[in-house]
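Notes for the one structure printed next.
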Amino acid sequence: MRITVIGCGYVGLVTAACFAEMGNDVICVDQDRERIAALSDGRSPIYEPGIEALLAVNLSGRRLAFTTRLDQALERAEVVFIAVGTPSSADGSADISQILSVAASLGQYLMAPAIVVCKSTAPVGTACRVQAILDQHCARRHLNWRASVVSNPEFLKEGVAINDFMRPDRIIIGTEDDHAAEVMCALYAPFVRNHERILLMGRRAAEFSKYAANAFLATKISFMNEMASLSARLGVDIEQVRKGIGSDQRIGHQFIYAGCGYGGSCFPKDIRALLHMAEAEDQQLPLLSAVEARNSTQKQWLFRQISTRLGSNLRDMTVAIWGLSFKPGTDDIRDAPSLVLVKSLLDAGVRVQAFDPVAGTNIANQFAAAVARGQLQLSEDQYQAARFADALVLVTEWKQFRQPDFIRLRELMRRPLLIDGRNQYDPQALQAQGFEYVGVGRPSAE
Ligand code: NAD
């Protein structure tokens, strides 16, 4: 099929590359010229494992192209994906202005009755608004056809996005139009040999499903963090509890890890947007408000542990950070727990030495003033970051942090205080090696 993808970010780029990989003819549009220049050259502007290999194969196979010209990209389009951002507005609602602006351009440039797919996460009713905009434009242009708008929310996880897209747990297609449903099922057929994984529903249900899924996952995390705060007080290791409850098939092992809070470009903003949607309907969602509140508290947990151990006057102390992205496998730092920690440390006058395999530049850009005055240093490797540190904080559980050389680490640090925001290490083993160990929901904490 001839596909146009609008927005070359974490979702749009993976969507475009994966559809091209399946033999479709894909053109990807972004308004960011630098992004398009890099992509046309086979360089990915985001870090996502495997993306550059997919770009190389499909660019050279001429199944994938990049442009800033939406009008040209729409000339032959059969299916158009909208994958632009839907960030939080100041009041917490989802800002869908990028989607609406794309819809207006589509109304202007579409030359044939394409299927327009909302892939961005957007509040219930957004696909209907896009439909209304397109209908208005068609009427104004005296066209005798109508573009059909479908909601097809994306569930990929950054860091394993290609695998998630290629082998999805399910594909949700929200449409009331039989022809659009047929085309969408045909498009996704190669990704789901088992067709039961394609779930057809109405547009509003599809939109809501995405928010409900994220809300449920965030609830699991906040639930575990809440249990962790009590277990530490009771002298119980939350890691044992995690295994104890996860083996119950009704609960399962996934997403029940206590830690330093969820971040990223989805959960925080989508929870805020859902709360806002409820408010607009005069509904309270106390459970979800608590999930959000627990997460904010949790993000402050790391700094609290540092000040509890090192004292309230942290000025001129040195703290090392391992991991800055909101999760391993990505350079995305949006709403990451590291942002809260770095800001608190800088405000307290601490010298911060941080290392992340790929997200260092994004943090350096965010805290450019602190980098310029030398208070924040992005280290070349994880051991350099730990030199003369009064504490080391593990924020993101990249694999390379799992089995470090603890003897070397202990020698490098001024004070062997290790704050494990992801419960990666064995407390007893570390204590035996002379570390003062603090984990989330583990007896030494709080
Ligand atoms: P992103 O910020 O990485 O990418 C958005 C891209 O859209 C940017 O490159 C931007 O330049 C481009 N853009 C904006 N307006 C445009 C326009 N008018 N014309 C052309 N390009 C335009 O965002 P993302 O992380 O890919 O997320 C996109 C959507 O997918 C969001 O709604 C998000 O909630 C949802 N989503 C994200 C993930 C994820 O893991 N990142 C997962 C599932 C769903």
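Scan the range 65-95 residue by residue and report those that are over 25 Å from Cys266 (Cβ atoms) and either away from the ligand (no atom under 16 Å from the Cβ) or in a loop (DSSP other than H, G, I, E, B) (or both).
Thr68, Arg69, Leu74, Glu75, Arg76, Ala77, Glu78
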*Lone qualifier among Arg141, Arg129 - being over 18 Å from Arg2 (Cβ atoms), at pLDDT below 95 and of a type in the set (Lys, Arg)*: Arg141
*asked:* Return the residues of the range 166-207 that are modelled with pLDDT of 95 or more, β-branched (Val, Ile, Thr) and under 14 Å from Met22 (Cβ atoms); say none if nothing qualifies.
replied: Ile171
*Selection count where residues are within 12 Å of the ligand (Cβ to nearest atom) and either at positive phi or not assigned by TED's automatic domain parsing to the domain that holds Glu292 (or both), scope the range 251-281*: 1
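Counting just the residues of the range 117-142 that are away from the ligand (no atom under 16 Å from the Cβ) and assigned to a helix (DSSP H, G or I), which one comes out farthest from Glu207 (Cα to Cα)?
The extreme case among them is Arg140.
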*Residues that are crowded, with 17+ Cβ neighbours inside 10 Å and of a type in the set (Ser, Thr, Tyr), drawn from the range 77-104*: Thr86, Ser88, Ser93
_So Trp145 ticks every box in (1) over 21 Å from Arg76 (Cα atoms); (2) more than 16 Å from the ligand (Cβ to nearest atom); (3) in a loop (DSSP other than H, G, I, E, B); (4) in contact (Cβ under 8 Å) with a residue 24 or more places away in the chain but one. Which box is left unticked?_
(1)
*State yes or no: is Leu55 closer than 27 Å to Thr361 by Cα and crowded, with 19+ Cβ neighbours inside 10 Å?*
yes
_For the range 353-400, give me every one of the helices (runs of 4 or more DSSP H) that falls completely inside it and has 1 or more residues that are closer than 20 Å to Tyr437 by Cβ._
382-386
*How about the range 100-115: which of its residues are without any contact (Cβ under 8 Å) to a residue 60 or more places away in the chain and within 8 Å of the ligand (Cβ to nearest atom)?*
Ser101, Ser105
*Pull up the range 2-52, narrow it to residues that are on the phi < 0 side of the Ramachandran plot, part of a loop (DSSP other than H, G, I, E, B) and near the ligand (Cβ under 8 Å from one of its atoms), then point me to the one that is surrounded by the most Cβ atoms within 10 Å (Cβ to Cβ).*
Cys8
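The values are calculated or read from the model by the stated rules, or taken from the named source; none is laboratory data. Remember, it's a predicted structure, so these values are computed and weren't measured experimentally. So basically every Cβ, Gly included, is an ideal-geometry build from the backbone, and we count neighbours across all protein chains shown.
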